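In what follows, a structure is listed as structure tokens, so that the remarks can point back to it.
Computed from the coordinates by the stated procedures, all read-outs in this text should not be read as laboratory data. Here the structure is a predicted model, which is why all the values come from computation and not from measurement. We place every Cβ from the backbone using ideal geometry, glycine too, and count neighbours over all the protein chains shown.
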Amino acid sequence: MGDLSEFSFKYRLYLKAYRWRRIDPVPWTPLKKPLPDCRLVLISSAAIVTADQDPFDNFIRIGDTGIREIPWDVDIATLRETHRSKAFDHTGIRRDPNLAFPVDRLREMAEAGFIGSLNHRYLSIMGSVTDPAQLIKTTIPPVVSKLVDDRVDIALLIPV
Amino acid sequence: MSLVAAELERRGISTVVIQLLRLVTEKVRPPRALAVPFRHGYPLDSPNDPAKQRAVLEAALSLLADKSLQPPAIVDYEVR
């Protein structure tokens with residue numbers, strides 16, 4: 001897998017025709033210290049929400065460009081995946097949200113010293129936003145400012 | 001996710017993105033990406049398999065410490 005062959009003909013056509021934005025120039029922040037000294041934030045586009053948060057909206061035409069903050073120490077059993085896409089199999093992540101929102105794995109890795117610490121807030125967005133301009137220009141900048149204030153060193157971004 | 005990664009890098013946070021479609025990754029060009037051979041819905045390989053999930057995560061995070069990489073860096077994940 002990892003290519004277009006997993007999708008239906010309709011989605012293959014869409015993905016081939018979609019005008020993907022090209023990042024140019026590509027920004028680059030070298031790691032400033034060893035991983036075991038770094039603070040990590042997890043960002044997932046699997047539309048994960050906690051038990052007391054609203055699901056992502058499945059009726060907005062361009063996709064829900066909102067964001068949810070999820071605490072690093074959340075109980076994995078309380079998380080719900082609310083992604084609207086019908087293009088992929090949701091059963092794995094609904095059985096084990098760690099598959100795209102690995103809170104348990106990251107806690108284990110921090111305890112083992114592979115990474116230094118975990119930021120108190122993780123972030124959840126929904127992929128499949130057909131016009132990402134609103135997400136990038138409106139939703140993301142203030143959240144990045146929070147992460148800078150949190151003294152986050154590294155970000156791990158996981159799609160679904 | 002690649003566009004979000006770029007915003008973070010511009011603000012001084014190092015990023016690594018796990019990517020499911022190499023074709024798209026090559027077009028969009030995130031700063032650092034681990035291209036995995038898994039189908040959509042399964043970015044960390046398998047549900048309820050901590051060892052496999054941890055292996056993908058370690059491979060992704062290790063890219064951050066690899067001083068030989070230059071942007072845009074796309075590295076293929078080798079399934080253990």
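From the residues A:Leu135, A:His83, B:Ile18, which one has its Cα farthest along the dipole of the protein assembly as shown in the positive direction, the dipole being from +1 and -1 charges on Cβ of Lys/Arg and Asp/Glu about the Cα centre?
It is A:Leu135.
For A:Lys33, which aspartates and glutamates qualify as cross-link partners when the Cα separation must be under 13 Å and same-chain residues fewer than eight apart are set aside?
Straight-distance partners of A:Lys33: A:Asp153, B:Asp66.
Remind me, relative contact order of chain A in percent, using alpha carbon pairs under 8 angstrom and six or more residues apart?
Relative CO of chain A lands at 38 percent.
Please work out the Cα center distance from region A:119-153 to region B:61-80, rounded to the nearest Å.
Computed from Cα coordinates, the inter-centre distance equals 23 Å.
List the aspartates and glutamates whose Cα sits under 17 Å from the Cα of B:Lys52, skipping any in the same chain fewer than 8 residues away.
Hits, sequence-local ones excluded: A:Asp96, A:Asp104, A:Glu108, B:Asp76, B:Glu78.
Please give the charge dipole size of region A:1-123, origin at the Cα centre, charges +1 on K and R Cβ atoms and -1 on D and E Cβ atoms. Round to the nearest 20 debye.
700
For A:Lys146, which lysines qualify as cross-link partners when the Cα separation must be under 20 Å and same-chain residues fewer than eight apart are set aside?
Partners found: A:Lys32, A:Lys137.
Partner chain Cβ atoms within 10 Å, averaged over the residues of A:6-14 - can you pull that number for me?
1
If we count other beta carbons within 10 Å of each Cβ, what is the order of B:Glu7, B:Glu78, A:Glu81, fewest first?
The fewest-first ordering by Cβ neighbours comes to B:Glu78, B:Glu7, A:Glu81.
As a test of the formula, what do you get for chain B when each DSSP H run with n ≥ 4 contributes -39,500 (n - 2.57) and the sum is divided by the residue count, at 222 nm and rounded to the nearest 500 deg cm²/dmol?
Mean residue ellipticity, 222 nm, calculated: -11500 deg cm²/dmol.
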